[in-house]
Amino acid sequence: MSGTEALSNLAREERRFPPDPQFAAQANVTAEAYEAAAADRLGFWQTQADRLLWSKRWTQTLDWQPPFAKWFADGTLNAAVNCVDRHVADGYGDQVAIYFEGEPGDRLELTYAELLSQVSRAANALTELGVKTGDRVAIYLPMITEAVIAMLACARIGAPHSVIFGGFSAQALFDRITDADATLVITADGGYRRGAVSALKPAVDEALAKGETNVKHVLVVKRGGNEVAWTPERDVWWDEVLQRQQDTHEAPALPAEHPLFILYTSGTTGKPKGILHTTGGYLTQTAYTHHAVFDLKPDSDVYWCTADIGWVTGHSYIVYGPLANRASIVLYEGTPDTPDRGRFWEIVQRYRVTLLYTAPTAIRTFMKWGDEIPAKYDLSSLRLLGSVGEPINPEAWIWYRRAIGAEKTPVVDTWWQTETGAMMISPLPGVTAAKPGSATRGLPGISVDVVDNEGTPVGNGGGGFLVLTEPWPSMLRGIWGDPERYQQTYWSRFSEQGYYFAGDGAKKDDDGDLWLLGRVDDVMLVSGHNISTTEVESALVSHPAVAEAAVVGATDPTTGQGIVAFVILRGDATDGQTLVAELRAHVASEIGAIAKPRQILIVPELPKTRSGKIMRRLLRDVAENRQIGDVTTLADSTVMNLISEKLPAAASED
Ligand code: ATP
Ligand code: MG
């Protein structure tokens, strides 16, 4: 990507959303946070770390041996104590910690006191099953309270968990169990997915039959009520073993750098990486960012993050950040369209959700389904909306704020990665004048920049590679078992400057605000111009007929690469050649003739990872008539056939 590409429609976005004065007046964090952090970055993070409960306070804030960081290393604490015991001790035992909503409509409320007793029992159970501090535990569960309890029980005894998304296959499960070398797997008989019971235990059985593992026990939660095969000695019912435990447990004080979890990335760009996170710095930054960006008021807010616990968003912003801050959270087991397309809004209405965190993929789907659906529900409790996972198209941002946020809520577009552990770039809702489609700037205490090929900062108005220029508390401590790949993937691209390379392209507008442009690997080169996939996609989505778009660069004999666009229409829009011509003209007028797609294919679905991100590399294979590459992280493998069928019909019009 060149450093000074002038072409940009995104950064020309002129709509501004300054904070509502009433919101600003009550916000947890003011503009002073930026100043405090700029004046003394490490001092700022010490202040945030002091919000936690430490068994022994640290003396050294940061030990930085590039690219290996230790934060608060000589301090000790326990993550579970911070997320649970502390609040009970402070007198909040009766506060609801989790409002659980099962897919079939069953409900459960768990107070902090109840959560403490469950986590203590589970910690005792893990110990009885032979799990020791440092042993890895694989968790393969639906979105039920036991998933949160299991994670916290692992954290409590210092056994790093590796949560594996419940939609993964036996092979993916086997790969992750062996890579992390887990000794225990926690699963369920089944979970509810689109009205049916999903087979979790059979996948574990199949995974463990695939080869040699160190798994001694499989702990099985009863959820689906379905029959499951049983391997005596190895398999144990969760209820049975928990029942015989004491409901108190003495939590050890663990070093701040004790491993908290290993989590595999979404696999959007290739083979997933086992990202290692540790305790003190991770908890400091997840708790601080949740407090600052979501403006949580623990006494009155109801917070709902719709991510799955199998992704980093579920770790940092369902479990650790919110619970460290004593949030009352909603946990929902199922999909947005079960039993109908109003399910999310019914949940917001029922629990009077005030803070909602979801992903652009969901927002675009709701847009496609139409405004009438959310309009049927009372969403007036909402006071802040968040987005994460992909760049949010300006039109989707506007829709989110209007159709869900009643044109009054702040919208926070948060950029971060599995590797960063917590949010890095985001508006502060009481401070920042938001721009739809811009994640705005680095959070207080975070040093980010955009650099060119040589690693030189591009300055305002320029574009290039997003980098992190200073270590941050919740940064990954490595790729599990592969220090070489850690160096190579993140630290070799700008080794001279010592910058962390995020793999994403970004642009700085004239105010210095950041616009994320998608993966560096996805940038297209058309007649010598770098064009970002995000920009063309957002131009397409700004057309009223389009709900969602994915574009790729396909080899082109004359232009080097030609733009091929895959488009999903909104509910009421109709397919047709006139529309295709109109969309091409629309992109030309939004960005410039150079960005006009060579081909536009109207498709019913797009290939997405199981975390809902568009997998452009597979679309590139289609556009270039190649054998389709590795689809193991794809959510639905039949999607690729649906798309391939469309290809011959789509002709270029120039
Ligand atoms: P893999 O690294 O295995 O290819 P992945 O990068 O999709 O998978 P995650 O860590 O879940 O795995 O995703 C992080 C990426 O998601 C970021 O690098 C960025 O590309 C994208 N992303 C997340 N939030 C935002 C956002 N607010 N704006 C733009 N992009 C975002
Ligand atoms: Mg990634």
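The values are calculated or read from the model by the stated rules, or taken from the named source; none is laboratory data. Predicted, not measured: the structure shown is a model, and the values here were computed from it. Quick reminder, even Gly has a Cβ in these numbers, built from the backbone with ideal geometry, and neighbours come from all protein chains shown.
Tell me, yes or no, whether the range 393-406 has at least one residue that is among the β-branched types (V, I, T) and either within 16 Å of ligand 2 (Cβ to nearest atom) or assigned to a loop (DSSP other than H, G, I, E, B) (or both). Looking through the range 393-406, none of the residues is among the β-branched types (V, I, T) and either within 16 Å of ligand 2 (Cβ to nearest atom) or assigned to a loop (DSSP other than H, G, I, E, B) (or both). Going residue by residue through the range 185-200, is there one that turns out to be in a helix (DSSP H, G or I) and buried (at least 24 other Cβ atoms within 10 Å of the Cβ)? No, there is no match, as no residue in the range 185-200 is in a helix (DSSP H, G or I) and buried (at least 24 other Cβ atoms within 10 Å of the Cβ). Number of residues in the range 171-228 that are of a type outside the set (K, R) and within 19 Å of H161 (Cβ to Cβ): the value is 30. Residues T456, T358, T414: which one is surrounded by fewer than 22 Cβ atoms within 10 Å (Cβ to Cβ), in contact (Cβ under 8 Å) with a residue 40 or more places away in the chain, β-branched (V, I, T) and out of contact with any Lys or Arg (no Cβ under 6 Å at 6 or more places or on another chain)? After applying the criteria, what remains is T456. Screening G274, G280 for residues that are under 24 Å from G166 (Cα atoms) and small (G, A, S) leaves exactly one candidate, G274. When A69, A73, A37, A49 are checked against the criterion of being surrounded by 15 or more Cβ atoms within 10 Å (Cβ to Cβ), farther than 24 Å from H161 by Cβ and touching a helix residue (DSSP H, G or I) at 6+ places or on another chain (Cβ under 9 Å), A37 stands alone in meeting it.
Would a scan of the range 269-282 turn up a residue that is assigned to a loop (DSSP other than H, G, I, E, B), of a type in the set (K, R) and within 16 Å of ligand 2 (Cβ to nearest atom)?
yes
Annotation: of all residues in the range 605-633 being charged (D, E, K, R) and without any contact (Cβ under 8 Å) to a residue 40 or more places away in the chain, the one that is nearest to A547 (Cα to Cα) is E605. The residues on offer are P255, P272, P259, and the sole one that is of a type outside the set (A, V, I, L, M) and over 30 Å from Q46 (Cα atoms) is P272.
For the range 329-355, name all the residues that are among the hydrophobic types (A, V, I, L, M, F, W, C) and either part of a loop (DSSP other than H, G, I, E, B) or more than 12 Å from L379 (Cβ to Cβ) (or both).
I329, V330, L331, V353, L355
In the set D521, D510, D504, only one residue is surrounded by fewer than 24 Cβ atoms within 10 Å (Cβ to Cβ), within 16 Å of ligand 2 (Cβ to nearest atom) and not in a strand (DSSP E or B); that residue is D521.
Checking P339, P322 one by one, the residue that is out of contact with any Asp or Glu (no Cβ under 6 Å at 6 or more places or on another chain), more than 16 Å from ligand 1 (Cβ to nearest atom), without any contact (Cβ under 8 Å) to a residue 40 or more places away in the chain and not aliphatic (A, V, I, L, M) is P322 and no other. In the range 412-432, of all residues being within 16 Å of S387 (Cα to Cα) and over 16 Å from the mean Cα position of the chain (by Cα), the one that is nearest to ligand 2 (Cβ to nearest atom) corresponds to P427. For Y317, the criteria (1) closer than 21 Å to L110 by Cα; (2) part of a loop (DSSP other than H, G, I, E, B) hold in every case but one, which is (2). Taking the criterion of being part of a loop (DSSP other than H, G, I, E, B), buried (at least 21 other Cβ atoms within 10 Å of the Cβ) and within 14 Å of ligand 1 (Cβ to nearest atom), the residues of the range 256-268 that qualify are T265, S266, T268. P557 meets all of the listed conditions (1) out of contact with any strand residue (DSSP E or B) (no Cβ under 9 Å at 6 or more places or on another chain); (2) within 28 Å of Y490 (Cα to Cα) but one, namely (2). Scanning the range 408-423 for residues that are more than 10 Å from ligand 1 (Cβ to nearest atom) and assigned to a strand (DSSP E or B) turns up just one, V411. Would you confirm, using the coordinates I've provided, whether G190 is in contact with a Gly (Cβ under 6 Å, 6 or more places away or on another chain) and over 19 Å from P259 (Cα atoms)? Judged against the criteria, G190 is a match.
Taken as a whole, the range 448-468 holds at least one residue that is among the acidic types (D, E) and under 30 Å from I398 (Cα atoms).
Within the range 570-599, being in contact (Cβ under 8 Å) with a residue 60 or more places away in the chain and over 30 Å from T265 (Cβ atoms) holds for R570, G571, D572, V580, A581, R584, E590, I591, G592, I594. Select from the range 580-611 the residues that are surrounded by 22 or more Cβ atoms within 10 Å (Cβ to Cβ) and among the small types (G, A, S) and write down the one among them that is nearest to M640 (Cα to Cα). Only one residue tops the list, namely S611. Quick check: is even one residue across the range 237-249 within 30 Å of W58 (Cα to Cα) and modelled with pLDDT of 95 or more? Yes, the conditions are met somewhere in the range 237-249.
Scanning the range 525-552 for residues that are assigned to a strand (DSSP E or B), touching a helix residue (DSSP H, G or I) at 6+ places or on another chain (Cβ under 7 Å) and hydrophobic (A, V, I, L, M, F, W, C) returns V526, I531, V546, A547, A549, A550, V551, V552.
Quick test for you: out of I139, I157, pick the one residue that is in contact with a Pro (Cβ under 8 Å, 6 or more places away or on another chain), among the aliphatic types (A, V, I, L, M) and under 19 Å from H217 (Cα atoms).
None of the other options fit; the residue is I157.
Across the range 470-484, a minimum of one residue is classified as within 16 Å of ligand 1 (Cβ to nearest atom) and in a strand (DSSP E or B). Checking A292, A253, A287 one by one, the residue that is more than 16 Å from ligand 2 (Cβ to nearest atom), surrounded by fewer than 21 Cβ atoms within 10 Å (Cβ to Cβ) and of a type outside the set (S, T, N, Q) is A253 and no other. Here L219 clears all of (1) outside any strand (DSSP E or B); (2) away from ligand 1 (no atom under 14 Å from the Cβ) except the condition numbered (1). Flag: A359 does not match the condition of being away from ligand 1 (no atom under 11 Å from the Cβ) and not basic (K, R).
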